[in-house]
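To keep things clear, I will list the structure first and then write my remarks on it.
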Amino acid sequence: MVDVDPSLRRELESLNRFLRVKPLYFDFDEGVFVWLDTRLIPFKEVYRRTADYRRVARAIVDMEIRGAPAIGVAAAYGLALAAAEAASRGGDGFMEAVSEARRRIESTRPTAYNLFWATASVYNAVAEAYRKSGLDAAVRAGLEEATRIYVEDVKGNVEIGRVGSRLLESGDTVLTHCNTGALATAGFGTALGVIRYAWMEGKDISVVTTETRPVLQGARLNVWELRKEGIPFKLIVDSAAGLVMSRGMVSKAIVGADRIVSTGHTANKIGTYMVALAARRHGVPFYVAAPASTFQLDAGPEAIVIEERSPDEVRGVISEAGYVRITLGDVEAYNPSFDVTPPDLITAFITDRGVIEPPFDVNIKRALEG
Ligand code: MRU
């Protein structure tokens with residue numbers, strides 16, 4: 001397996017200080033991509049490894065790897081592995097094989113913009129290096145671009161945390177929905193990264209996390225991360241969000257995003273829209289934390305594709321004993337995995353390029369373009 005530029009390797013190692021949990025990474029010694037299987041959290045911590053991009057794609061479909069930035073990083077390394085595999089068969093049909101792998105990786109999950117941004121970046125790096133310098137350079141360029149995406153994600157998360165922490169003060173109780181922590185990114189987290197950063201700065205804050213049905217990212221993943229960090233929290237069912245706000249039990253809400261378009265319309269885990277509505281009704285500031293790679297600047301809300309997942313996720317839950325049915329197996333269930341929060345319900349975006357306030361249709365482009 002090829003290596004990457006030594007300065008990139010050093011930068012990679014310097015990030016370890018931010019990574020209490022390493023949810024995914026590339027093992028340069030073995031030439032394999034490694035990830036923590038989030039399906040098994042909080043009951044078991046099992047790392048999986050592969051050099052086969054098809055296995056990376058399956059891990060994304062099955063949500064062993066999930067969360068928009070983590071999906072982007074996994075997709076990037078997946079395509080880099082595909083380029084290495086195609087190169088090992090010789091030059092004939094190299095770019096066709098890389099394109100085929102790109103299509104396969106892009107067909108895993110439709111909503112997270114980071115996925116498409118990452119595959120385009122790696123594909124372009126591979127294609128350019130191949131055209132200019134041939135196969136070995138193309139393989140190296142793919143791995144370097146994926147590693148850059150990884151490095152930028154961790155650095156961007158820490159910056160989101162730094163910028164967002166200024167919006168929090170001791171005494172705040174922050175409601176969050178879905179998991180946006182280390183387990184949803186290359187490490188550290190976005191919305192949960194803001195909470196983590198504020199806590200690391202010594203702010204006395206606490207968290208209310210929704211359980212986040214159907215896949216229970218809150219009950220399984222947030223509980224695991226918040227426990228590890230020692231941040232006090234309460235777990236609520238999703239439908240308690242309105243009540244806790246009406247009782248003044250939370251002072252701010254921060255969520256992540258899968259895709260934010262130029263108008264500020266934000267796709268995020270199903271239920272986010274209801275949290276935003278309740279927050280507006282009760283005067284609770286509602287923030288969306290996300291890196292630049294989640295923003296699709298050249299599109300409006302019509303570009304957002306809402307993934308529909310298996311009805312079995314609604315008909316059952318993941319438990320310590322595995323999948324358990326909670327209703328009759330033949331019940332007709334509808335399972336949209338994301339919803340769209342309109343910009344007028346969003347107080348501000350917390351990004352790695354600073355806090356973006358309304359009017360979003362002007363300020364998003366101003367902050368992120370170029
Ligand atoms: O279906 P998932 O678990 O991939 O959905 C994840 C979310 O909706 C997150 O809030 C979003 O990806 C941001 S993660 C930093």
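What number, in percent, do you get for the relative contact order of the chain if the mean sequence gap of Cα pairs under 8 Å and at least 6 apart is divided by its residue count?
Numbers: 759 pairs, mean separation 57.5, N = 370.
Result for the chain is 16 percent.
For the stretch 8-76, what is the relative contact order in percent, using Cα pairs closer than 8 Å and at least 6 residues apart in sequence?
Taking the mean separation of contacting Cα pairs over the length of the stretch 8-76, I get 23 percent.
If you count the DSSP beta bridges with both ends in the chain, what percent of them are antiparallel, to the nearest 5? Present the calculation step by step, with values, prior to reporting the outcome.
Values: 23 of 41 bridges.
For the chain, the DSSP antiparallel bridge percentage is about 55.
Taking K and R as +1 and D and E as -1, what net charge do the other residues with C-beta under 12 Å from the C-beta of residue 6 add up to? Walk me through the numbers on the way to the answer.
Working: positive: 9, 10; negative: 3, 5, 11, 13, 144.
Result for the local shell: -3.
Take the Cα radius of gyration of the chain and divide it by 2.2 N^0.38 Å, with N its residue count; two decimals is plenty. Write out the running numbers ahead of the final one.
Values: Rg = 20.1 Å, N = 370, 2.2 N^0.38 = 20.8 Å.
The reported ratio for this selection is 0.96.
Considering only protein heavy atoms and a 1.4 Å probe, what is the carbon-and-sulfur percentage of the accessible area of the chain? Don't skip to the answer; put the middle values down first.
Working: 7330 of 15000 Å².
That share works out to 49 percent.
What ranking, highest mean first, results for peptides 182-192, 76-86 when packing means the other Cβ atoms within 10 Å averaged over each residue?
Numbers: 182-192: 29.5, 76-86: 27.9.
Top to bottom by mean Cβ count within 10 Å: 182-192, 76-86.
With θ set to phi - 60° and the Karplus curve 6.51 cos²θ - 1.76 cosθ + 1.60, what are the ³J(HN,Hα) couplings of the stretch 167-181 in order, to the nearest whole Hz, using x for Gly and Pro?
Calculated HN-Hα couplings, in order: 7, 10, 9, 3, x, 5, 10, 10, 8, 9, 10, 6, 9, 10, x Hz.
Hey, how many Å between the Cα centroid of the stretch 127-170 and the Cα centroid of the stretch 197-241?
When both Cα centres are located, 27 Å separates them.
Among 181, 31, 271, determine the one that fluctuates most according to a GNM of the chain built with springs between C-alpha atoms less than 10 Å apart.
Maximum among the listed residues: 31.
Select from the chain the helices, each a whole stretch of DSSP H, whose alpha-carbon atoms run 15 Å or more along the helix axis and whose Kyte-Doolittle mean is at least 0.5; answer none if there are none.
Details: long enough: 68-88 (30 Å, 1.34); 94-106 (18 Å, -0.60); 113-133 (30 Å, -0.10); 135-165 (45 Å, -0.05).
Going by DSSP H runs, the hits are 68-88.
Using alpha-carbon pairs under 8 Å, 6+ residues apart, how would you state the relative contact order of the stretch 188-335 in percent?
21
Could you tell me the center-to-center distance, by alpha carbons, between the stretch 24-40 and the stretch 302-370 in angstrom?
So the two Cα centres are separated by 26 Å.
Checking the table 203/365; 44/252; 155/203; 203/228; 44/155; 155/228 against a 24 Å threshold on Cα-Cα, which pairs fail? Could the numbers behind the result be given before it?
Details: 203/365 32 Å; 44/252 32 Å; 155/203 22 Å; 203/228 17 Å; 44/155 28 Å; 155/228 21 Å.
Too far apart for the 24 Å limit: 203/365; 44/252; 44/155.
Rounded, prolate or oblate: which one fits the stretch 1-121, using the alpha carbon gyration tensor with axes a ≥ b ≥ c (rounded when a/c is under 1.5, else prolate when a/b beats b/c, else oblate)?
Working: a/c = 1.70, a/b = 1.21, b/c = 1.41.
Since a/c reaches 1.5 but b/c is at least a/b, the shape of the stretch 1-121 is classed as oblate.
Which GluC sites (Glu not before Pro) does the stretch 270-370 hold that lie in a coil by DSSP with at most 13 other beta carbons within 10 Å?
Numbers: sites: 302, 307, 308, 313, 320, 332, 369; in loops: 307, 320, 332, 369.
Within the stretch 270-370, the qualifying GluC sites (Glu not before Pro) (loop, at most 13 other Cβ atoms within 10 Å) are 320, 332, 369.
Of the listed peptides 66-73, 273-280, what is their order by residue-averaged count of other C-beta atoms within 10 Å, with the highest listed first? Write down the numbers at each step before the final one.
Details: 66-73: 28.5, 273-280: 21.0.
Ranked by mean Cβ neighbours within 10 Å, highest first: 66-73, 273-280.
Please report the projected area of the stretch 303-370's Cα convex hull averaged over all directions, in nm².
Details: hull surface 30.8 nm².
Result: a mean projected hull area of 7.7 nm².
The values are calculated or read from the model by the stated rules, or taken from the named source; none is laboratory data. Since the structure is predicted, the reported quantities are computational estimates derived from the model, not experimental observations. Positions of Cβ are backbone-derived with ideal geometry, glycine not excepted, and every protein chain shown enters the neighbour counts. For the accessible areas, the whole protein counts, side chains as well, though only heavy atoms, and no ligand, DNA or RNA atoms are used. Shrake-Rupley method; radii C 1.70, N 1.55, O 1.52, S 1.80 Å.
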